[in-house]
Amino acid sequence: MRCLVTGGCGFIGSHLANYLKRKGHWVRVVDIKPVEECYLPLQVDEVLRMDLRIYENCLKATEGIDWVFNLAANMGGIGFITSVAAEIMHDNALINIYMLEACRQNNVKRIFFSSSACIYPAYRQDQPLVEPLKEEYAVPAMPDSYYGWEKLFAEKLYEAYEKDYGMEVRIARLHNIYGPYCTYKGGREKAPAALCRKVAEAPDGGTIEIWGDGKQTRSFLYIDDCLDAIYRLMQSDYSKPLNIGSDELISIDELTDIIIDISGKKLRKVYDPTKPQGVRGRNADLTLIENVLGWRPKTSYREGLEKTYRWVEQMVKKEGSTH
Ligand code: NAD
């Protein structure tokens, strides 16, 4: 297949682009970011620097392509998506609208969309011991962020293109993906990477700050498991939204303890309840993906965090501590 990965200089996109190449596909990466800023060295056939908020660029990007993996998005962790609203909705809606239309014009065979667990309603995520989120819980809708509302709108947009134009769409609701070569600083980082960075920067015997009270819960999926699920979904004939995540609930406190243990340091945790913590609890229900794709995550938190921490630690050492 001739594959396009948009957002291919980002965390998931860069891993996916190299994964597709290893599977024997021809791969083009498009990103607004210069390739030099991509942490993972890309081993692909073509890299184009383009802004996909412009329709003509989407047309060029999808020329001669069979499979599109549309991962480009203006996004970040809880700190970013709770502080920015209009820019996120504007940029991501344009990317999705133009990419879909360009795919239609260029007769792309199949398009994958990276939706998010953030589409799920806040009222189902209001306690730490939360019921896992099933795909059918998306409605009645009440995402807790503008980012989530845009993803939900985009899911409907993909559905409409399938309905009216017969486009083959594959929609994954990704739940907290983590691993090496992710954003770990600068304000867009997500919890696992941010905590790895804080632990790596802290002197032995020092303290690290945790946002909220640490009792908020999530489930996190290691990048290699995510790639496997995305690839299986793309090859399948399933066109409805599907959770790709882990169903192993963990509190931010427990996650931090594992990272501290991996570091070998003795650190004290301090809490800042004024910082954003998002929904109180979020877990993925994997019943549907197990039935449809026969897929389950394989990587334990210990194993995935070990690899992530070692990479972040190496980056922090390279730069010199910011403390
Ligand atoms: P990321 O920020 O590392 O990657 C996104 C990439 O999109 C970046 O490299 C960015 O430069 C690029 N981009 C942004 N605006 C662009 C534009 N106008 N034109 C071209 N490229 C543009 O994020 P990620 O974690 O790799 O996430 C990838 C996708 O998966 C996103 O759509 C995100 O919303 C979705 N997702 C991620 C997670 C997660 O846990 N990481 C969870 C749910 C959904």
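The values are calculated or read from the model by the stated rules, or taken from the named source; none is laboratory data. Please read these numbers as outputs of a predicted model, since none were measured by experiment. Here the Cβ is made from the backbone with ideal geometry for all residues, glycine too, and neighbour counts use every protein chain on show.
The figures follow:
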{"item": "Of all residues making up region 273-323, the number that are not polar (S, T, N, Q) and not in a loop (DSSP other than H, G, I, E, B)", "result": "24"}
{"item": "Residue within region 36-46 that is near the ligand (Cβ under 8 Å from one of its atoms), in a strand (DSSP E or B) and either in contact with a Cys (Cβ under 8 Å, 6 or more places away or on another chain) or under 25 Å from residue 235 (Cα atoms) (or both) present", "result": "no"}
{"item": "Candidates 161, 184 - the one that is away from the ligand (no atom under 16 Å from the Cβ), hydroxyl-bearing (Ser, Thr, Tyr) and in contact with a helix residue (DSSP H, G or I) (Cβ under 9 Å, 6 or more places away or on another chain)", "result": "161"}
{"item": "Residue check for residue 245: under 29 Å from residue 127 (Cβ atoms) and either surrounded by fewer than 17 Cβ atoms within 10 Å (Cβ to Cβ) or out of contact with any helix residue (DSSP H, G or I) (no Cβ under 7 Å at 6 or more places or on another chain) (or both)", "result": "no"}
{"item": "Region 276-296: number of residues that are under 27 Å from residue 145 (Cα atoms) and at pLDDT 95 or above", "result": "11"}
{"item": "Identity of the residue in region 236-271, among the aliphatic types (A, V, I, L, M) and in a strand (DSSP E or B), that ends up farthest from residue 138 (Cα to Cα)", "result": "270"}
{"item": "Residue within region 221-235 that is assigned to a loop (DSSP other than H, G, I, E, B) and modelled with pLDDT of 95 or more present", "result": "no"}
{"item": "Residues (away from the ligand (no atom under 15 Å from the Cβ) and crowded, with 22+ Cβ neighbours inside 10 Å) located in region 104-120", "result": "108"}
{"item": "Subset of region 239-272 [under 17 Å from residue 217 (Cα atoms) and charged (D, E, K, R)]", "result": "247, 248, 253, 254, 257, 269, 272"}
